[in-house]
Amino acid sequence: MDIENLKALLEKVKDGRLDVDQAVDKLKTLPFEDLGFAKLDHHRNLRNGYPEVVYCAGKTTEQIKAIMLKLLEKNNNVMATRADPSVFEKVKEIIEDAVYYESARIIVVKRKEIIKSSKIIAVVTAGTSDIPVAEEAAVTAETMGNSVERVYDVGVAGIHRLFAKTDVLFGANVLVVVAGMEGALASVVSGMVDKPVIAVPTSVGYGANFGGLSALLTMLNSCASGIGVVNIDNGFGAGYLAAMINKLQ
């Protein structure tokens with residue numbers, strides 16, 4: 001339940017259109033709702049400004065469908081991450097307006113128009129292979145009400161490609177930099193801009209990349225200031241954090 005829905009409920013009680021007992025019935029699942037296999041945090045939208053997000057990996061399709069339907073009862077918009085196309089097809093059968101972002105592997109159900117902030121979040125990748133993680137960050141940030149500029153395939157192997165996009169980099173309020181291999185791009189970008197940089201190491205790379213560990217350590221050990229690092233391939237976490245930072249100012 002978001003603030004607008006809660007206010008509307010209280011206004012109905014105030015005006016006599018809804019009695020107290022009816023209001024209590026609507027509010028009794030507000031803290032959380034126990035489905036047996038999941039405890040849905042309906043209060044999160046009021047606390048954090050964003051509803052609970054469904055992480056699909058490891059859940060059955062039936063569990064995902066049940067969770068999404070229950071979340072939609074209390075929220076206007078719902079998002080599910082790490083969803084395979086087969087999961088989306090099953091969700092689409094019961095939620096017709098669900099939309100699938102294939103590269104990001106995200107399902108979005110939008111029942112309320114998302115008003116985008118005028119402040120830009122730039123999502124930057126070192127290579128084309130990093131785009132799926134970057135898209136997870138970008139779609140997450142957009143679903144949470146942010147304008148996103150994408151700058152893809154501008155890694156240090158051809159640094160002139162990055163310099164050609166300095167207008168986007170300098171105009172952004174927050175930057176998400178996604179890189180595999182040795183993960184050097186985050187340091188380069190952070191050394192150029194005066195805004196926070198969220199670095200996302202990816203598992204893209206050859207054997208000594210160790211599934212993204214080399215990029216993670218490079219980003220953690222960066223000599224450039226103003227970098228925060230999320231976990232390997234965690235585009236969602238980066239997009240969510242960027243949205244929270246963008247909302248502060």
Original post:
Counting only residues that are over 16 Å from ALA199 (Cα atoms), aliphatic (A, V, I, L, M) and in contact (Cβ under 8 Å) with a residue 60 or more places away in the chain, how many does region 107-147 have?
Top reply: 2
Original post:
Which residues, counting only those in region 231-247, are buried (at least 22 other Cβ atoms within 10 Å of the Cβ) and hydrophobic (A, V, I, L, M, F, W, C)?
Top reply: PHE236, ALA238, ALA242, ALA243
Original post:
Within region 166-182, how many residues turn out to be surrounded by fewer than 16 Cβ atoms within 10 Å (Cβ to Cβ) and under 16 Å from THR128 (Cβ atoms)?
Top reply: 0
Original post:
How many residues does region 92-105 hold that are touching a helix residue (DSSP H, G or I) at 6+ places or on another chain (Cβ under 8 Å) and more than 28 Å from ARG150 (Cα to Cα)?
Top reply: 2
**OP:** May I ask you to list the residues in region 176-205 that are in a loop (DSSP other than H, G, I, E, B), under 21 Å from the mean Cα position of the chain (by Cα) and of a type in the set (A, V, I, L, M)?
**Re:** VAL204
Original post:
Within region 216-238, can one find any residue that is among the acidic types (Asp, Glu) and in contact (Cβ under 8 Å) with a residue 24 or more places away in the chain?
Top reply: yes
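Go through ALA208, ALA243, ALA224, ALA238 for me and flag whichever is outside the structural domain of TYR55 (by TED's automatic domain parsing) and part of a loop (DSSP other than H, G, I, E, B).
On the way: ALA208 fails: part of a loop (DSSP other than H, G, I, E, B); ALA243 fails: part of a loop (DSSP other than H, G, I, E, B); ALA238 fails: part of a loop (DSSP other than H, G, I, E, B).
Of the residues listed, the single one that is outside the structural domain of TYR55 (by TED's automatic domain parsing) and part of a loop (DSSP other than H, G, I, E, B) is ALA224.
The values are calculated or read from the model by the stated rules, or taken from the named source; none is laboratory data. Just so it is clear, the structure is predicted and the values come from calculations on it, not from any experiment. A quick note on method: Cβ atoms are made from the backbone with ideal geometry, for glycine too, and the neighbour counts reach across all protein chains shown.
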